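Asker: Next up is a structure, given as structure tokens.
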Amino acid sequence: MPKKIETVVLHDSSTPILGDIQKGGNVVVTTVETLLSQARANALWPLTFGLACCAIEMMSTVAARFDLSRFGSEAFRATPRQADVMIIAGRLSKKMAPVLRQIYDQMPEPKWVISMGACASSGGVYNNYAIVQGADQVVPVDVYVPGCPPNPDALIYAVMKLQEKIKRKKATSFSDLRIIEVAPRTLEDSA
Ligand code: SF4
């Protein structure tokens with residue numbers, strides 16, 4: 001006869017013995033989607049895409065004074081395949097635009113983009129034939145950081161805004177899951 005589970009007790013990290021079930025542990029009830037969005041939002045791995053002077057401010061965010069690791073985003077990656085947030089830091093030239101798009105396409109889903117500074121967001125002072133007048137003409141941008149240059153606090157604030165956005169949005173990776181209906185087995189099937 002199958003066992004019936006009547007009580008579920010979760011143990012917090014201060015309870016080392018998992019085999020010995022005790023009552024009185026902490027219980028958290030949530031959905032898988034919420035859990036995934038929380039995990040994603042609090043462990044964003046930025047893709048380094050420094051294009052001009054704004055990049056210096058971007059680098060400062062991971063230094064000791066500002067310490068972006070407080071928000072789980074200190075692991076800047078040099079390969080798109082290990083990153084989920086692209087920070088476009090600096091003016092985007094038309095020559096660089098196809099490269100930026102290709103690198104964006106190589107990032108795995110889900111992925112986000114922060115446009116850092118006036119130049120990346122709108123061309124800034126470079127209203128000329130060589131500069132893209134807004135990175136959102138090339139990739140979808142989630143958060144814009146104003147300023148020339150924005151200081152590291154502004155970029156950290158943008159990361160926090162992005163975290164809020166990710167937490168609000170339900171994870172989509174499980175949306176394609178379907179319930180597979182299995183026909184009940186009969187005695188004739190097993191015969
Ligand atoms: S916004 Fe200002 S600091 Fe940033 S890339 Fe443009 S000119 Fe440089």
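The values are calculated or read from the model by the stated rules, or taken from the named source; none is laboratory data. Every value quoted in this text rests on a predicted model; they were computed, and no experiment measured them. Here the Cβ is made from the backbone with ideal geometry for all residues, glycine too, and neighbour counts use every protein chain on show. All accessible areas refer to the heavy atoms of the entire protein, side chains included, with ligands and DNA or RNA removed. Shrake-Rupley method; radii C 1.70, N 1.55, O 1.52, S 1.80 Å.
Asker: How high is the relative contact order of the range 29-104, given as a whole-number percent (alpha carbon pairs under 8 Å, six or more residues apart)?
Answerer: So the answer I get is 39 percent.
Asker: What accessible area per residue, rounded to a whole number of Å², is obtained for the range 121-171 using a probe radius of 1.4 Å?
Answerer: So the range 121-171 comes to 56 Å² accessible per residue, rounded to a whole number.
Asker: Considering amide H positions built from the backbone, and no H for Pro or chain starts, which residues 5 or more places from Ser93, or on another chain, come under 5 Å of its amide H?
Answerer: The list, which skips near neighbours in sequence, is Val132.
Asker: Next up: Taking 0.36 nm per residue of separation and subtracting the Cα-Cα distance, what length does fully extending Gln137 through Lys169 add?
Answerer: Separation in residues times 0.36 nm, less the Cα-Cα distance, equals 9.2 nm.
Asker: While we're here: Multiply the residue gap between Asn42 and Val29 by 0.36 nm, knock off their C-alpha separation, and tell me the result in nm, one decimal place.
Answerer: In short, 2.8 nm is gained.
Asker: Here is a further query. Can you check what the net charge comes to around Thr61, using other residues whose Cβ is under 13 Å from the Cβ of Thr61 (Lys, Arg +1; Asp, Glu -1)?
Answerer: Residues close to Thr61 contribute a combined charge of -2.
Asker: I would also like to ask the following. Could you tally the net charge around Pro152, taking each other residue with its Cβ under 14 Å from the Cβ of Pro152, Lys/Arg +1 and Asp/Glu -1?
Answerer: Here the charged neighbours net out to -2.
Asker: Still on this structure: Please give the contour-minus-distance gain from Lys161 to Glu74: 0.36 nm per residue of separation, less the Cα-Cα distance, rounded to one decimal in nm. Before the final figure, lay out each step's value.
Answerer: Details: separation 87, 0.36 × 87 = 31.32 nm, distance 1.63 nm.
My answer for the length gained is 29.7 nm.
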